[in-house]
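The values are calculated or read from the model by the stated rules, or taken from the named source; none is laboratory data. All of these numbers come straight from a predicted model, not from anything done at the bench. Every residue, glycine as well, gets a Cβ built from its backbone with ideal geometry; the counts of neighbours run over all protein chains shown. Ligands, DNA and RNA are stripped out before the accessible areas are found, and what is left, the full protein with its side chains, is counted by its heavy atoms. Shrake-Rupley method; radii C 1.70, N 1.55, O 1.52, S 1.80 Å.
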Amino acid sequence: MKYLEVSDYRIHIGPAGQALADILADGRFTKVALLVDTNSEKFCLPQLGHNNLPVIRISPGEQHKSIQTCTCLWQQMMDLGMDRHSLLVNLGGGVIGDMGGFCAATFFRGIPFVQIPTTLLSQVDASIGGKLGIDLNWVKNAVGVFKNPLAVAVDPRFLKTLPDTELRSGFAEVIKHALVADPALWNQLQTLKDLKVVEWEPILEASLRIKRDVVQEDPFEKGRRKVLNYGHTIGHAIESFLLSSGTTLTHGEAVAAGMVAESFLSVKHLGLDEDKLREVVETIRRFYPPLRFTEGDFDDLIELMKKDKKNRAGNISFTLLPNIGEASYDQFVKEDSIREALRFYLRTTEELRK
Ligand SMILES: NC(=O)c1ccc[n+]([C@@H]2O[C@H](COP(=O)([O-])OP(=O)(O)OC[C@H]3O[C@@H](n4cnc5c(N)ncnc54)[C@H](O)[C@@H]3O)[C@@H](O)[C@H]2O)c1
């Protein structure tokens with residue numbers, strides 16, 4: 001077992017069943033319950049063990065990250081006799097972690113919870129940093145709190161059953177971490193060909209270290225934590241635009257396209273080396289399908305970017321890269337440059353789209 005210490009908790013990297021046994025060893029909790037969705041129950045619970053714990057299950061999917069589901073969860077926690085000295089263990093992807101954490105953080109004004117993330121996205125991103133919450137009528141993460149878990153257990157074995165699209169979705173955040181903070185990790189990622197046969201543990205560890213260091217320095221996103229928005233200004237706009245027009249895509253696919261466009265902006269505005277831009281384009285083309293929008297959609301995309309909460313006085317804000325492994329936040333970019341960057345994305349993926 002490896003450990004990464006965060007401000008007031010610990011990330012265990014290794015077999016999650018063992019990590020949970022260590023966390024529960026002193027027997028101090030009056031009750032311990034496991035929250036799962038039906039996929040994490042099927043694919044991950046048998047590996048976790050701890051068959052004696054009561055299980056609270058929900059259906060999988062972002063549409064269940066809602067106050068209605070929370071009401072059911074709180075009721076079940078109450079029915080199980082959980083009190084202020086009980087523990088909730090969240091076994092699943094980011095939906096389970098965000099919502100289970102939120103339910104725990106508000107139940108009797110807050111009980112401890114453990115995150116056992118089972119998707120790549122939740123392992124490298126959602127499970128650390130203290131952001132918890134639910135969606136409100138399709139506004140993502142509209143209601144929530146910041147609260148750290150008691151502990152996190154990251155077990156690479158859970159990734160074996162994860163569908164390819166989900167692996168790719170989380171991998172975009174791994175790429176992002178490397179680009180903003182770790183040139184050595186970036187070099188390693190460029191050698192990967194097939195996400196199904198990756199030895200994940202060292203990559204998870206490197207990626208978690210980056211997120212840990214950033215959120216520790218700036219837990220409430222006042223400054224440096226904004227570097228984690230790399231690829232997300234354009235990525236979020238593309239994601240909202242395509243989802244609203246009925247296209248299905250994952251968050252990571254949108255962020256990957258955003259990183260191509262924002263790397264172009266990095267060359268133009270902060271002098272990122274053109275060879276590095278080529279590396280980003282090639283790596284992302286290897287793993288991600290081209291996204292289907294056209295020049296006629298640019299106005300709508302820019303309108304969506306203007307709604308981004310990171311903007312100031314109507315100027316669209318970006319995190320950009322002067323070099324691989326360095327990131328500079330609060331970079332304000334004019335609309336013409338953004339259009340050029342979107343055009344660049346379309347050009348680089350043109351032949352794949354045919
Ligand atoms: N709190 C944060 O800082 C933070 C950061 C990023 C994302 N998020 C949130 O995370 C959520 C997305 O997380 P996600 O991508 O993990 O989504 P998810 O929880 O919906 O999981 C994706 C799918 O994989 C299934 N699954 C989970 N583990 C599996 C496994 N080991 N094998 C097979 N299937 C498995 C799930 O049942 C689900 O169908 C969003 O709600 C997003 O807002 C939060």
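Worth pointing out:
- Residues of segment 186-222 that are within 18 Å of the chain's Cα centre (by Cα), within 21 Å of I324 (Cα to Cα) and among the aliphatic types (A, V, I, L, M): L189, I203, L204, A206, L208, I210, V214, V215.
- Count of residues meeting criterion [in contact (Cβ under 8 Å) with a residue 40 or more places away in the chain and in a strand (DSSP E or B)] in segment 141-182: 9
- Long-range neighbours under 8 Å by Cβ, at least six apart or interchain, first residue charged (D, E, K, R) within segment 97-124, second in a helix (DSSP H, G or I): D98/A126
- All conditions in (1) at pLDDT 95 or above; (2) closer than 26 Å to E166 by Cβ; (3) not in a loop (DSSP other than H, G, I, E, B) hold for L291, with the sole exception of (3).
- When segment 105-120 is filtered for residues that are open to solvent by 20 Å² or more (accessible area, probe 1.4 Å), more than 10 Å from the ligand (Cβ to nearest atom) and within 27 Å of P156 (Cα to Cα), only P112 remains.
- Filtered by the rule that a residue be over 22 Å from the mean Cα position of the chain (by Cα) and of a type in the set (K, R), segment 280-328 gives R292, K306, R312.
- H177 falls short on exactly one of the conditions (1) under 26 Å from L249 (Cβ atoms); (2) more than 8 Å from the ligand (Cβ to nearest atom); (3) touching a Pro at 6+ places or on another chain (Cβ under 8 Å), and that condition is (3).
- The residues of segment 59-73 that are in contact (Cβ under 8 Å) with a residue 40 or more places away in the chain, buried (at least 16 other Cβ atoms within 10 Å of the Cβ) and over 19 Å from the mean Cα position of the chain (by Cα), listed by number, are T69, C70.
- Tally of residues being farther than 15 Å from S40 by Cα, within 23 Å of the chain's Cα centre (by Cα) and open to solvent by less than 10 Å² (accessible area, probe 1.4 Å) across segment 74-104: 4
- Filtering segment 51-99 to residues that are over 19 Å from V143 (Cα atoms), within 14 Å of the ligand (Cβ to nearest atom) and not in a strand (DSSP E or B) leaves S59, P60.
- Members of segment 121-148 found to be away from the ligand (no atom under 11 Å from the Cβ), polar (S, T, N, Q) and either at pLDDT 95 or above or open to solvent by less than 20 Å² (accessible area, probe 1.4 Å) (or both), listed by number: N148
- Segment 289-332: number of residues that are over 25 Å from S244 (Cβ atoms) and either touching a Phe, Trp or Tyr at 6+ places or on another chain (Cβ under 6 Å) or not aromatic (F, W, Y) (or both): 13
- Flag if G170 is over 21 Å from G17 (Cα atoms), open to solvent by less than 50 Å² (accessible area, probe 1.4 Å) and not assigned by TED's automatic domain parsing to the domain that holds A21: yes
- Matching residues, segment 107-130, being over 18 Å from G252 (Cβ atoms) and part of a helix (DSSP H, G or I): F107, F108, R109
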